[in-house]
Amino acid sequence: MSDLRELQQCFMGYLLDDSSSMIDEVESTPMLSAKGRLDIYASAYVLRLKEAMTTDYDKLALYLGDERFDKLMERYIDKFPSHTTNLRYFSVNLPELIRDEPDYAHIAELYELACIERAFADSFDAKDLQVATIDTLAALPEVAWENLTFDFQKSVQIVWLEHNSFPIWKALADDETPPKAEKLYPMAWILWRRSDLVTHYKMLATEEVAVLSLALQGKNFAVMCEKLLDFYSEEETPMKAIGFLQSWIAEEMLAGFKF
Amino acid sequence: MARPFLGFGLGLRTDHYQYVIDNKPEVDWFEIISENYMVDGGKPLAHLDKIRQDYPMVMHGVSMSIGSTDPLNTDYLGKLKTLIDRVEPQWISDHLCWTAVEHINSHDLLPLPYNESTIEHIVSRIQTVQDTLGRQMLIENLSSYVTYNHSEMPEWEFVNEIAKRADCYILLDINNIFVSANNHHFEPKDYVNGIDSDRVMQFHLAGHSYNGQMIIDTHDHDVCDPVWALYEYALGHFGAVSTMIERDDNIPPFIELRQELAIAEEIAANVLTPQQLQIRSKLDLQGVA
Ligand SMILES: [Fe+2]
């Protein structure tokens with residue numbers, strides 16, 4: 001075939017499922033056949049994608065063991081060919097594949113582990129923003145509080161879990177034997193990157209995640225206070241709300257204020 | 001006009017960030033993989049900015065897919081431009097290959113058939129890229145494992161012709177010449193002799209591995225003796241060319257790579273005069289032509 005586009009489609013077909021007629025386009029030599037030559041590319045293709053996935057989900061890989069993780073990667077490579085110019089983003093749909101495939105869906109902590117690892121990756125290289133300070137908060141004019149909203153660091157990720165997946169992740173990260181998976185209750189974990197460029201994480205209390213979710217959606221301070229009335233008395237609420245704000249600032253989750 | 005000469009550089013790798021920041025080792029320049037920094041923020045960009053303060057840099061990309069028949073990826077070029085503005089590199093390069101078709105990316109450097117219609121296709125795309133980025137680029141020769149039935153000329157003729165017509169420069173990978181010469185049965189020196197010296201702006205050196213049948217461009221070993229010999233020959237042929245060692249796997253401590261780079265310096269000192277080896281940096285390649 002003399003058409004470059006057809007040649008490229010044919011080559012890509014060979015990489016994806018080695019069923020194309022690409023062998024007819026390539027010279028065989030005594031040293032190595034056309035198929036042997038093309039297979040160098042075909043195996044490099046799979047190897048490179050697997051390498052990227054193993055880097056992105058190294059705890060999941062440990063948890064599943066080599067053989068099962070390899071099978072999972074092959075399934076993913078088949079189902080989600082790369083549409084990105086950056087290998088860093090190739091594996092972003094792995095949690096969803098785990099959630100949707102019957103082979104993996106029944107092991108509930110797998111999806112959660114994958115979500116945790118993806119959240120770390122997304123937090124790691126999220127956009128850098130200013131860090132809001134207590135002084136800026138203190139200096140806000142009275143009128144600001146009427147419609148005060150909050151900009152969070154782009155690295156803030158909330159992950160909802162129902163299992164002890166974070167302790168499992170932590171054990172794997174520390175090279176320890178992970179605890180047995182167990183179903184608990186819905187918990188929100190937050191991951192965010194501080195100015196030292198290290199990603200921190202913690203579990204959020206029910207009240208905090210309730211207001212934090214609203215704040216992240218861009219709801220204003222008044223709406224957040226209203227929500228807190230589900231948990232606290234009218235007298236307690238303003239102090240509690242300010243308390244959360246102060247801790248978000250101290251922990252460098254906030255980037256700024258809008259009013 | 002004389003070509004710029006940056007001296008002897010290394011590829012900047014994650015494993016070495018801290019060492020480089022703490023020790024400011026004596027290296028003339030660093031080459032970065034552009035895509036590693038085409039992210040929004042965090043550690044990669046923070047380290048890059050810090051190291052850039054102390055070293056000249058060039059940017060080396062792997063995903064431009066200049067030889068693809070898909071439309072040029074404008075989103076990619078936009079991000080590349082943003083990174084160029086941040087790094088202010090001496091120059092940028094990518095490979096004379098295709099990586100994606102129908103928007104599926106192989107993340108590999110796939111070879112092209114060496115014929116007139118491919119040349120025309122690529123020349124116009126390089127011109128578009130150079131217009132978009134407002135600067136000339138370098139194209140690099142690959143290691144390859146297949147020869148297409150529709151190739152009609154030796155690879156060096158193909159490379160030369162594209163560089164001439166697109167008015168771009170050549171990043172000559174000495175190891176890739178050696179690898180492809182072995183895999184496709186040609187004389188590596190014929191390749192060097194066939195390349196237009198005026199277009200050569202940079203050399204790559206790297207290690208490879210042998211899989212029992214073919215040499216594979218793995219960048220996971222030291223540079224081997226025949227490649228050093230070919231490097232020596234190329235220096236004699238082209239004169240001083242900015243040289244760096246690529247190492248992407250099985251990465252040794254920085255200090256060992258620096259020692260390996262000293263071999264390149266030593267060879268160059270034997271072949272060339274101190275005058276030829278004086279560093280002549282150009283901020284903008286445009287000013288060279
Ligand atoms: Fe190279």
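The values are calculated or read from the model by the stated rules, or taken from the named source; none is laboratory data. The model shown is predicted, which means the values in this text are computed figures rather than measured ones. We place every Cβ from the backbone using ideal geometry, glycine too, and count neighbours over all the protein chains shown. All accessible areas refer to the heavy atoms of the entire protein, side chains included, with ligands and DNA or RNA removed. Shrake-Rupley method; radii C 1.70, N 1.55, O 1.52, S 1.80 Å.
Applied to the range B:91-98, the Karplus parametrisation 6.51 cos²θ - 1.76 cosθ + 1.60 on θ = phi - 60° returns per-residue 3J(HN,Hα) values of 6, 10, 9, 8, 9, 7, 7, 10 Hz, with x for Gly and Pro. In this structure, A:Lys219 and B:His103 have a Cβ-Cβ separation that, at R0 = 45 Å, corresponds to a calculated FRET efficiency of about 0.75. When only the Cβ of Lys, Arg, Asp and Glu is charged (+1, +1, -1, -1), the dipole of chain A relative to its Cα centre reaches about 200 debye.
Normalised by residue count, the range A:65-160 yields a Cα convex hull volume of 158 Å³ per residue. Among B:93-104, B:165-176, B:22-33, sorting by the average number of other beta carbon atoms lying within 10 angstrom of each residue, highest first, gives B:165-176, B:93-104, B:22-33.
For the residues of A:20-31, the average number of beta carbons from a partner chain within 10 Å of their own beta carbon is 3. Taking only the alpha-carbon positions of the range A:157-223 and ignoring solvent, what does the Debye formula give for the base-10 log of I(q)/I(0) at q = 0.17 Å⁻¹? Log10 I(q)/I(0), no solvent term: -0.73.
The range A:224-249 and the range A:172-198 have Cα centres spaced 26 Å apart.
Per residue, the accessible area of the protein assembly as shown comes to 43 Å², computed with a 1.4 Å probe over protein heavy atoms only.
Order A:Lys180, A:Lys227, A:Lys154 by their accessible area, 1.4 angstrom probe, all chains in place, largest first.
Ranking A:Lys180, A:Lys227, A:Lys154 by accessible area, largest first, yields A:Lys180, A:Lys154, A:Lys227.
Distance between the 7 Å Cα→Cβ label points at A:Tyr185 and B:Glu260: 5.6 nm. If you plug the beta carbon distance of B:His237 and B:Thr14 into 1/(1 + (r/R0)^6) with R0 = 35 Å, you get a FRET efficiency near 0.50.
Compactness of chain A was expressed as the Cα radius of gyration divided by 2.2 N^0.38 Å, which yields 1.35. Label zone of B:Asp49 (point 7 Å out along Cα→Cβ, amide N under 14 Å): in the range A:124-163 this covers A:126-131. Over the Cα atoms of the range A:1-106, the radius of gyration divided by the Kirkwood radius equals 1.05; this is the Rg/Rh ratio. So if R0 is 35 Å, what FRET efficiency would A:Asp100 and A:Glu226 give, r being the distance between their Cβ atoms, rounded to the nearest 0.05? Efficiency, rounded to the nearest 0.05: 0.40.
The charge dipole of the protein assembly as shown, taken about the Cα centre with unit charges on the Cβ atoms of Lys, Arg (+1) and Asp, Glu (-1), comes to about 860 debye, rounded to the nearest 20. In the elastic network of chain A, a GNM with C-alpha springs shorter than 10 Å, the most mobile of A:Leu137, A:Leu197, A:Leu32 is A:Leu32. Taking label points 7 Å from Cα along the Cα-to-Cβ direction, A:Thr55 and A:Thr133 give a separation of 3.7 nm. Exposure check, 1.4 Å probe, all protein chains in place: B:His150 carries approximately 60 Å² of accessible surface.
The apolar share of the surface of the protein assembly as shown, taken as the fraction of accessible area on carbon and sulfur atoms (1.4 Å probe, ligands and nucleic acids excluded), comes to 50 percent.
When you work out D = kT/(6 pi eta Rh) for the range B:8-287 at 4 °C and 1.567 mPa s, using the Kirkwood radius from C-alpha pairs as Rh and the Stokes-Einstein form, the result is 68 µm²/s.
With all pairs of separate Cα atoms included, the protein assembly as shown yields a Kirkwood hydrodynamic radius of 26.1 Å.
Shielding by partners for peptide A:199-210, expressed as the average number of C-beta atoms from other protein chains within 10 Å of each residue's C-beta, is 0.
Taking amide H positions as modeled 1.01 Å from N, with prolines and chain starts lacking one, the residues under 5 Å from B:Thr147 and 5 or more places away or on another chain are A:Glu27.
When the C-alpha to C-alpha distance is required to be over 30 Å, the pairs from A:Lys71/A:Lys202; A:Lys71/A:Lys127; B:Lys24/B:Lys81; A:Lys202/A:Lys240 that qualify are A:Lys71/A:Lys202; A:Lys71/A:Lys127. Accessible area buried by the pairing of A and B, both sides summed with a 1.4 Å probe, works out to roughly 3900 Å². In terms of accessible area, using a 1.4 Å probe and ignoring ligands and nucleic acids, A:Ser19, B:Ser63, B:Ser197 rank largest first as A:Ser19, B:Ser197, B:Ser63. Assuming charge only on the beta carbon of Lys and Arg (+1) and of Asp and Glu (-1), the dipole of chain B about its Cα centre is about 760 debye to the nearest 20. Take each residue of peptide B:58-65, count the partner chain Cβ atoms within 10 Å of its Cβ, and average: the result is 1. DSSP assigns beta bridges within chain B; of those with both partners inside it, close to 20 percent run antiparallel. For the range B:160-289, the Kirkwood radius over C-alpha pairs fed into Stokes-Einstein at 4 °C and 1.567 mPa s yields D = 83 µm² per second. Here the Gaussian network model covers chain A, with springs between Cα atoms less than 10 Å apart; of A:His163, A:His200, A:His83, A:His83 fluctuates the most. Residues considered: A:Glu74, A:Glu25, A:Glu51. Largest GNM mean-square fluctuation over chain A, using C-alpha springs under 10 Å, is found at A:Glu25. Burial of accessible area (probe 1.4 Å, heavy atoms of protein chains only) in the range A:34-50, relative to its chain alone, reaches at least 20 Å² for A:Arg37, A:Ile40, A:Tyr41, A:Tyr45, A:Arg48. Note on A:Arg99: accessible area is roughly 110 Å² with a 1.4 Å probe, heavy atoms of protein only. Taking the alpha carbon gyration tensor of the range A:125-259, multiplying each eigenvalue by 5 and rooting it gives semi-axes of 30, 19, 11 Å, largest first.
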